[in-house]
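The values are calculated or read from the model by the stated rules, or taken from the named source; none is laboratory data. If you're wondering where the values come from, they're calculated on a predicted model, not measured in any experiment. Cβ placement follows ideal geometry from the backbone for every residue including glycine, while neighbour counts extend to all protein chains displayed. The protein model used for the area step is the full one, side chains on, heavy atoms only, and it has no ligands, DNA or RNA in it. Shrake-Rupley method; radii C 1.70, N 1.55, O 1.52, S 1.80 Å.
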Amino acid sequence: MGILLVVAFISGLVTILAPCIWPLLPIVLSTSTGGGRGKSLGITLGVISSFFVLTLSISTLVRLFGFDPNILRLVAVLVLGILGMSLVVPAFSFKLEALVSKLSGSFGSRLKSSNNGFIGGFTVGIALGIVWTPCAGPILATIATLAATQSVNLQAVLVTLVYVIGVGIPLFIFSFGASWFFEKSKFVGKYTGRIQQIFGILMVLTALAIYTNYDKVIQTKLLDLFPSYTNLLTSLETKPQVQNQLNDIRGGETSLATGSDLKDLGPAPDFVGINNWLNSQPLKMADLKGKVVLVDFWTYTCINCVRTLPYVTSWYDKYHDKGFVVVGVHTPEFEFEKNTQNVANAIMQYKINYPVAQDNDYATWTNYKNQYWPAKYLIDANGRLRMVHFGEGNYEETEKAIQQLLAESGQNANMDLSQFTTDQPSRLTTPETYLGLKRLESFASNEEPAQGTREYTASGHLGVDKFAYQGKWDIEEEYAQASAGSVLELNFTANKVYLVTTPGGDMGKFKVLIDGKAVDVNSAGVSVKDGVVEVGTSNLFNLVDLKGKVGQHILRLEFETDGVKVFAFTFG
């Protein structure tokens, strides 16, 4: 827990450097002119207090009182807009002060005087804390998930508290430093009124940007200009020690039980927040009492998931008549995987006959505290979770566990185990390679690609497990979009190469070359016809099949049409 608290504090400290807080700094500056240390302290405590409380409790408050949380945001924007107008128009400021004084009475006047601007700063700070959305790394993402599912615990409270303290220290220094500068600078002092009006205009414009959500556009553009911040923070928060302690906050990974040593891991979580059910009416765990259930988290472009499907579909077909049910929970890794028709096409392609739940909002994923694709949760006839397995493999042990749980329920399920030849890669195979900015790791050039459309040139020699763009590309967070004439090269070590891709229009096309030559019958994957791949749907395409001969090669894709989006390479 100690390491996590230290990292959370550091993350809070460096947030002042993050582009996501920059749109709010004009408001902090404008509010800091006058009022001294008391006002700066009020701003700081207001920001961290409202952010701390709302982060941990907003989901609970909405559930208890049934209000639209956007109302808080609108009220905060209104407060910021009014305060900004009071700086721009002095007459409006006098009327506002008179109204506040009338409402608060003599007690309010004495409080205002004694706190030297603290109350005014605190009011602005509360509004800022409501509208501020920080650049959420794994730490804040974990806290937000726990809050959304009403699973906040003491550890989550401590981590959030340490984070906001880290935020508060540089924020106070920034605010008080600005206040001190305006008070001490003789030159600036001559124009204090005009400067306050300029800051007031910036404050009103910022409030309008927040109201229209344009502040998110500004933040995105700033992140594009300064990507190193995000990389630094992510690299810090994804250290194994931090991830292990975040996992403890989430409740920990369920321990794996295999073979005949099936443990009772507690009641099975239910299916919640499902967007659509395919091959079935909506299901609850209560509907499946008396049956042995395998919950399989998957997504149709995940090659690791696809490689497990022959086993999963075989188990369902073999044991369904004996009281065995599979529920495939399709949780998308990419945005296009949320499309119901795409999922339905995959169900037909892989001959899936069992119920499939579309978990587009990660509600069931979160309810299971799941973290992986694929992941399998085996549940007995009494609704108790008995076994968990992440990733590929462990097929024999899993099927034996299915047979054992069926026997416990009174069924005779002593059958030969399923055997399939899979493409599960060895450790020497190139790892899954993402092509969007969000998880970019193996770009060949020293110059990281920037988000948006730009020209790329050949990067020279490709290192092992590296790829390079050539020509005109539009690089986004999840994918890279090709233009006609653009090229994508990859240095890989594998037997098979797959590419997750979608067409730009009705049909996209690209040529496939290996080591400078068009692929032939000895090296072409099943998706390649005469050296060309035609992309008519969003799917996982098999580009290379070396017939079991794992080797290191250069793959070159030459795009003939505009708009094809490439998401990730996977390997077999």
Check: Somewhere in the stretch 355-378, is a residue closer than 17 Å to P267 by Cβ, hydrophobic (A, V, I, L, M, F, W, C) and touching a strand residue (DSSP E or B) at 6+ places or on another chain (Cβ under 8 Å)?
Finding: yes
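Do we find a residue being within 30 Å of D248 (Cβ to Cβ) and either within 24 Å of the chain's Cα centre (by Cα) or part of a loop (DSSP other than H, G, I, E, B) (or both) anywhere in the stretch 396-407?
So the first thing to find is which residues in the stretch 396-407 are within 30 Å of D248 (Cβ to Cβ), and the list is 397-398, 401, 405.
Next cut, either within 24 Å of the chain's Cα centre (by Cα) or part of a loop (DSSP other than H, G, I, E, B) (or both) only: none.
No, because not a single residue in the stretch 396-407 is within 30 Å of D248 (Cβ to Cβ) and either within 24 Å of the chain's Cα centre (by Cα) or part of a loop (DSSP other than H, G, I, E, B) (or both).
Quick check, is T366 closer than 20 Å to H320 by Cβ and not acidic (D, E)?
Numbers: closer than 20 Å to H320 by Cβ: no; not acidic (D, E): yes.
Judged against the criteria, T366 is not a match.
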Next item on the list: Would you check which residues across the stretch 371-408 are at pLDDT below 85, open to solvent by 50 Å² or more (accessible area, probe 1.4 Å) and among the polar types (S, T, N, Q) and list them?
Entry: Q371
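Output the number of residues of the stretch 491-520 satisfying the condition of being among the small types (G, A, S), open to solvent by 10 Å² or more (accessible area, probe 1.4 Å) and in a strand (DSSP E or B). Can you show your working first?
Here is the first cut: in the stretch 491-520, the ones among the small types (G, A, S) are 494, 504-505, 508, 516, 518.
With the extra rule that they be open to solvent by 10 Å² or more (accessible area, probe 1.4 Å), the set shrinks to 504-505, 516, 518.
Next, from what is left, pick out any that are in a strand (DSSP E or B): 518.
Looking only at that region, the number is 1.
Looking only at the stretch 472-490, which residues are open to solvent by less than 20 Å² (accessible area, probe 1.4 Å), within 12 Å of E558 (Cβ to Cβ) and not in a loop (DSSP other than H, G, I, E, B)?
Just the residues of the stretch 472-490 that are open to solvent by less than 20 Å² (accessible area, probe 1.4 Å), to begin with: 473, 475, 480, 482, 486-488, 490.
Then keep just the ones that are within 12 Å of E558 (Cβ to Cβ); that gives 482, 486-488.
Passing the criteria: A482, V487, L488.
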Check: What residue, of T421, T429, is closer than 30 Å to L262 by Cα, part of a loop (DSSP other than H, G, I, E, B), of a type in the set (S, T, Y) and modelled with pLDDT under 85?
Finding: T421
Notebook entry, point to check: Within the set of pairs 6+ apart or on separate chains, which have a first residue in the stretch 337-351 that is under 16 Å from I274 (Cα atoms) and of a type in the set (V, I, T), a second that is at pLDDT 85 or above and open to solvent by less than 50 Å² (accessible area, probe 1.4 Å), and C-beta atoms under 8 Å apart?
Noted result: T340/L278; T340/Q358; V343/L278; V343/H330; V343/V356; V343/Q358
Next item on the list: Could you identify the single residue in T234, T299 that is hydroxyl-bearing (S, T, Y), modelled with pLDDT of 85 or more and surrounded by 14 or more Cβ atoms within 10 Å (Cβ to Cβ)?
Entry: T299
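Out of all the residues in the stretch 337-354, which are assigned to a loop (DSSP other than H, G, I, E, B) and farther than 25 Å from G266 by Cα? Walk me through how you get there before you give the answer.
Taking the stretch 337-354 first, the residues assigned to a loop (DSSP other than H, G, I, E, B) are 339, 350-354.
Matches in the stretch 337-354: N339, Y350, K351, I352, N353.
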Check: Within the group T313, T308, T299, which residue is under 20 Å from G273 (Cβ atoms) and among the polar types (S, T, N, Q)?
Finding: T299
Next item on the list: Test each condition in (1) within 30 Å of N495 (Cβ to Cβ); (2) at pLDDT 80 or above; (3) open to solvent by 30 Å² or more (accessible area, probe 1.4 Å) for T258 and report the one that comes out false.
Entry: (2)
Notebook entry, point to check: Out of all the residues in the stretch 141-162, which are modelled with pLDDT of 75 or more, under 27 Å from V75 (Cα atoms) and not aliphatic (A, V, I, L, M)?
Noted result: T160
Margin query: Just to check your reading of the model, which residue among K496, K549 is touching a strand residue (DSSP E or B) at 6+ places or on another chain (Cβ under 7 Å), farther than 27 Å from D474 by Cβ and touching a residue at least 40 places away in the same chain (Cβ under 8 Å)?
Written below: K496
Notebook entry, point to check: Which of (1) touching a helix residue (DSSP H, G or I) at 6+ places or on another chain (Cβ under 8 Å); (2) over 30 Å from P503 (Cα atoms) is the odd one out, the single condition G266 does not satisfy?
Noted result: (1)
Note to self: For the stretch 163-198, give me each residue that is part of a helix (DSSP H, G or I), modelled with pLDDT under 75 and either polar (S, T, N, Q) or under 30 Å from the mean Cα position of the chain (by Cα) (or both).
What the structure shows: T192, Q196
Notebook entry, point to check: If only one of G393, G410, G328 is in a loop (DSSP other than H, G, I, E, B), under 30 Å from the mean Cα position of the chain (by Cα) and not aromatic (F, W, Y), which one is it?
Noted result: G393
Notebook entry, point to check: If F569 satisfies every condition in (1) open to solvent by 10 Å² or more (accessible area, probe 1.4 Å); (2) touching a residue at least 40 places away in the same chain (Cβ under 8 Å) but one, which is the exception?
Noted result: (1)
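Given the condition closer than 30 Å to F569 by Cα and either open to solvent by less than 20 Å² (accessible area, probe 1.4 Å) or touching a helix residue (DSSP H, G or I) at 6+ places or on another chain (Cβ under 7 Å) (or both), answer yes or no: does some residue in the stretch 281-288 qualify? Talk me through it step by step, then tell me what you get.
Just the residues of the stretch 281-288 that are closer than 30 Å to F569 by Cα, to begin with: none.
For the stretch 281-288, residues closer than 30 Å to F569 by Cα and either open to solvent by less than 20 Å² (accessible area, probe 1.4 Å) or touching a helix residue (DSSP H, G or I) at 6+ places or on another chain (Cβ under 7 Å) (or both): absent.
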